1. Within the range B:79-90, does at least one residue satisfy the condition of being crowded, with 21+ Cβ neighbours inside 10 Å, at pLDDT 90 or above and not aliphatic (A, V, I, L, M)?
2. Name the single residue, out of those in the range B:25-38 being assigned to a strand (DSSP E or B) and more than 12 Å from chain A (Cβ to nearest Cβ), that is surrounded by the most Cβ atoms within 10 Å (Cβ to Cβ).
3. For the list (1) assigned to a loop (DSSP other than H, G, I, E, B); (2) touching a residue at least 40 places away in the same chain (Cβ under 8 Å); (3) over 30 Å from residue A:145 (Cα atoms), I need the number of the one condition that residue B:160 fails.
4. Name the residues in the range A:34-64 that are facing chain B (nearest Cβ under 10 Å) and either among the acidic types (Asp, Glu) or buried (at least 23 other Cβ atoms within 10 Å of the Cβ) (or both), would you?
5. Can you tell me which residue among B:173, B:167 is touching an Asp or Glu at 6+ places or on another chain (Cβ under 6 Å) and either charged (D, E, K, R) or within 14 Å of chain A (Cβ to nearest Cβ) (or both)?
6. How many residues does the range A:215-245 contain that are small (Gly, Ala, Ser) and in contact with a helix residue (DSSP H, G or I) (Cβ under 7 Å, 6 or more places away or on another chain)?
7. What residue, of A:143, A:181, is facing chain B (nearest Cβ under 9 Å), surrounded by 21 or more Cβ atoms within 10 Å (Cβ to Cβ) and over 18 Å from residue A:231 (Cβ atoms)?
8. Being under 15 Å from residue A:74 (Cα atoms) and away from every other protein chain (no Cβ under 14 Å) is the requirement here; does residue A:196 meet it?
Amino acid sequence: MSGAANPVMNIDPSLEDQDKLAEFEQRIADGVLIEPGDWMPDAYRIGMLKMAEHHANSEIIGALPEGEWITRAPSLRRKLALTAKVQDEVGHGQMLYRVSQDLGKPREEMLRDLITGKTKYHNCFNYPAPTWADIAMIQWLIDGAAIMNQKTLADGAFGPYVRTMHRINMEEAFHFKSGEDMVLTLMSGTKKQKAMTQEAFDRWWGPSIMFFGPHDKPNCEQLPPMKWRMKTESNDSLRQRFLNRFAPAALDLGLLIHVCEKDEEGMVTSKKVDEACVPDDTTGNWGVTDPDWDEFFRVIRGNGPCNAHRVALRRFSYEQGAWVRRAIASGTSSLPPAA
Amino acid sequence: MSKIREQGFTFADELPPATDSVVGHYVVYTQKKEGAPHRYAGWLNAPDIDMATQYACEHYGQDESCVNIWLHDRSRMHETPVSDTPLPGEDAPDDPGATAWTVFTQKRRGDIHVEQGQVQLGDEKTALSAAVARFGQGMTQVRIVPRDSMASTEVDRVIWRTHDQGYRLAKGYSKSVRAKWDAFRKTEDIEEYRKDDIENHF
């Protein structure tokens, strides 16, 4: 689901062997894919590791808000679909941890760094999902944004990540279509269903706009993440494509696009129609009021509505599962810890 | 919400001991139809190959329909370096009493490895060279794995379940989603919106 959004990458290519670096960059420019046995700059390996690990963490944490709704899904088919989706997301996390392992970091170290807060995951999973319509919005807007991002990541240069992305995207297609189906069903329903959907849309529209990360630096295409094809499209370009696709679709569904104020728990306290969300007469590109980037960075630093709960739940699962891992690994069993 | 998820969590100061060091790394291939080649699906971690087979059925076997799964410990495979120039290889006649090696090739960088056939030779160096000579033309990499180190799902095991799986596939929603959009939007707007779909999988 996550789309590997923009972990901080302080990359310094000046520390590399310059001849090898030039050859490497030429190969990237020629569209050659890099395989694990090829020479690569340390900065590239570290950058790809950060990106894949951040993506894996996001898949694992991203399953939590949806997992909470499996027991409350409104029909058997929705329950089956949500169970399959959560299983997929966790599976994506496992595949991406495997890519990361080959870049040099042990799997368990990654799992432990996630629950001790040493590494991060995507910001958007730190918001609450209090209704079934929030699950619909996560699958429509967040998975829709993730597909846009991950389609470009599948055009990247690191072979193992590209192969994994193709496989993940196949499943993301199901997640997105399922989400569309849920949103369309709700917006074809009763007044109460439509009101619930609007409220969920208000909660998720802002995080969706922030999904692609902050505005790009002016020379982003010349900086290593794009120059080395670790990512192939800028944050702002992806955000614009997202807006052009989803803003008119939401309006046609009868949803209103609001600029919202939220409380500390992520619930909307006031809202007004976003007057900037209209197509530009010349370019046709849809506008949007710039999101609250202070909120974005506040959530990254761990102070979002659900950060503490998400990480605590993951740690709880890790600790509760320790005896199972130990038993499997050593062939001996011991009693589980008291719940 | 479950009571566990509502509770305030309290934790010990220390994390439980790590168990990573005893977990193996397995490579997984799936076969979509009887007689089709096995194609690389991905990797997984498991304590042994039997458990890896169970994991593979639940993970890679539920991504898309398949009739068989192969696995091997990644330490058992031998590969040529990934090369953009023709791979050097010297053929040798099979020795019926020697080790059978399953051969996989990668056509282009970034592609998945696909089963090509088998060579039967005593040591990995000779076997890899023969595999390159027989199957490596136009390929960027050749991989061989001793057949007796590979696990396979049992014959006739149902991996991809036979009941309706439409709920977990994009194509299971395509018609109903399109019909519902038609009630809200003009055809040209729907077509424009659908341009960003992942078409191959719908």
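The values are calculated or read from the model by the stated rules, or taken from the named source; none is laboratory data. The model shown is predicted, which means the values in this text are computed figures rather than measured ones. Glycine also receives a Cβ, built like all others from the backbone with ideal geometry; neighbour counts cover every protein chain displayed.
1. Yes.
2. B:29
3. With respect to (1) assigned to a loop (DSSP other than H, G, I, E, B); (2) touching a residue at least 40 places away in the same chain (Cβ under 8 Å); (3) over 30 Å from residue A:145 (Cα atoms), residue B:160 is out only on (3).
4. Let us first name the residues in the range A:34-64 that are facing chain B (nearest Cβ under 10 Å), namely A:34-38, A:64.
Passing the criteria: A:34, A:35, A:38.
5. Numbers: B:167 fails: touching an Asp or Glu at 6+ places or on another chain (Cβ under 6 Å).
Every option except B:173 fails the conditions.
6. Kept after step one, since they are small (Gly, Ala, Ser), are these residues of the range A:215-245: A:234, A:237.
This time we only want the ones that are in contact with a helix residue (DSSP H, G or I) (Cβ under 7 Å, 6 or more places away or on another chain), so: A:234.
Here the count works out to 1.
7. Working: A:143 fails: facing chain B (nearest Cβ under 9 Å).
Step by step, each of A:143, A:181 is checked, and only A:181 is facing chain B (nearest Cβ under 9 Å), surrounded by 21 or more Cβ atoms within 10 Å (Cβ to Cβ) and over 18 Å from residue A:231 (Cβ atoms).
8. Values: under 15 Å from residue A:74 (Cα atoms): yes; away from every other protein chain (no Cβ under 14 Å): yes.
Judged against the criteria, residue A:196 is a match.
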